[in-house]
Amino acid sequence: MFTRAYLRASAADQDANRARDQLKAFAAERGLKVAAWYAENESGATLARPELFRLLADCAPGDILLVEQVDRLSRLTAGDWEKLKAEIAARHIRVVALDLPTSWMMTTANGDEFTGRMFDAINNLMLDMLAAMGRKDYEDRRRRQAQGQAKAKAEGRYRGRKEDTKRNAGIATMLADGNPWNAIQDVTGCSRATIAKIAKRAKAAA
C-alpha cells in the first residue's frame with residue numbers, strides 16, 4: 001500500500017505546495033510515508049487535471065490518495081464528481097482527507113468485512129456531502145464575483161485583470177519551440193487554460 005499526496009491550487013499565482021508539510025506530518029503520525037507528490041495549479045471545477053489523473057494511473061489497488069481537503073479533490077458538478085468517484089472506485093483507491101475524520105481509518109487495514117463495509121459507506125456519504133459543499137462554495141464565489149464585476153462595470157470602474165504580457169510572450173515562445181504543456185506549466189506556474197488561450201491566439205495569427 002502506497003500513499004500518494006495530491007496538492008492543488010486554482011490560480012497560477014497560488015502555491016499548490018502550501019499544504020505539503022501538513023500532509024507530511026499527518027502521514028508521519030500514522031506511520032505512513034508519502035511515496036509520491038502530485039501538485040498542479042488547476043481549477044477543482046474541471047476534470048482536466050493532468051496531475052490528478054497521473055496519480056490515479058500510478059495507483060495500485062489499496063493505495064491511499066491523500067489530500068488536505070475534499071475540495072482540493074473536487075469542486076465538480078454532480079455528474080463529473082460521479083465520473084471521478086467511479087474512476088477511484090474502479091482502481092480500489094482509498095481517499096483520505098484531513099478535513100474528513102471518517103476517512104482517517106482508511107490509513108489502517110480494516111477489521112472484519114462488515115466493519116470495513118460500514119466505514120466505507122459512511123466515508124462515501126461524507127465525501128459526497130463535502131464535494132457538494134465544495135461545488136456550492138465555488139458557485140457562490142463565482143456568482144459574487146459576477147455581481148461585483150457587473151456593479152463595477154455599471155459604475156465605470158471595471159478594468160479586468162491585467163495581462164502578464166511578458167510571461168505570455170515566453171509561453172508563446174516555448175510553444176513555438178515545441179515544448180510540452182506540462183513542462184511549460186512547471187516553468188511558468190500557469191494553468192492549462194492560459195496555455196490553451198495563448199496557443200489558440202498563436203494559431204490564429206499564423
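Does ASN182 satisfy the condition of being surrounded by fewer than 15 Cβ atoms within 10 Å (Cβ to Cβ) and either within 27 Å of the chain's Cα centre (by Cα) or closer than 24 Å to ALA16 by Cβ (or both)?
yes
How many residues does the range 25-55 contain that are touching a Lys or Arg at 6+ places or on another chain (Cβ under 9 Å) and either without any contact (Cβ under 8 Å) to a residue 24 or more places away in the chain or of a type in the set (A, V, I, L, M) (or both)?
So the answer is 10.
Give the residue that is farthest from TRP104 (Cα to Cα), with candidates limited to residues of the range 34-84 that are touching a strand residue (DSSP E or B) at 6+ places or on another chain (Cβ under 7 Å) and among the β-branched types (Val, Ile, Thr).
Here the answer is VAL34.
In the range 46-73, what residues are among the charged types (D, E, K, R), part of a helix (DSSP H, G or I) and over 9 Å from the mean Cα position of the chain (by Cα)?
Residues satisfying the conditions are ARG54, ASP58.
Name every residue in the range 24-45 that is part of a strand (DSSP E or B) and not hydroxyl-bearing (Ser, Thr, Tyr), in order of residue number.
Once the filter is applied, which keeps residues that are part of a strand (DSSP E or B) and not hydroxyl-bearing (Ser, Thr, Tyr), the range 24-45 yields VAL34, ALA35, ALA36, TRP37, ALA39, GLU40, ASN41.
Scan the range 142-172 for residues that are surrounded by 12 or more Cβ atoms within 10 Å (Cβ to Cβ) and either within 24 Å of ALA16 (Cβ to Cβ) or touching a residue at least 12 places away in the same chain (Cβ under 8 Å) (or both) and report the count.
6
Pick from the range 12-23 the residues that are more than 20 Å from THR194 (Cα to Cα) and without any contact (Cβ under 8 Å) to a residue 12 or more places away in the chain: which of them is surrounded by the most Cβ atoms within 10 Å (Cβ to Cβ)?
Ranking the qualifying residues of the range 12-23, first place goes to ARG18.
Assess whether ARG4 counts as being under 18 Å from MET106 (Cβ atoms) and in contact with a Leu (Cβ under 7 Å, 6 or more places away or on another chain).
So ARG4 passes the test.
Identify the residue in the range 74-91 that is part of a helix (DSSP H, G or I) and touching a residue at least 40 places away in the same chain (Cβ under 8 Å) and, among all such residues, is surrounded by the fewest Cβ atoms within 10 Å (Cβ to Cβ).
Step by step, filter the range 74-91, then rank; the result is ALA78.
Any residue in the range 182-200 that is not assigned by TED's automatic domain parsing to the domain that holds ALA45 sitting within a Cβ distance under 8 Å of a residue that is part of a helix (DSSP H, G or I) and among the charged types (D, E, K, R)? List the pairs, counting only those 6 or more apart or interchain.
Qualifying pairs under 8 Å: GLN185/ARG192; THR188/ARG167; CYS190/ARG167.
The values are calculated or read from the model by the stated rules, or taken from the named source; none is laboratory data. Predicted, not measured: the structure shown is a model, and the values here were computed from it. Reconstructed Cβ throughout: ideal geometry from the backbone, glycine too, with neighbour counts over all protein chains shown.
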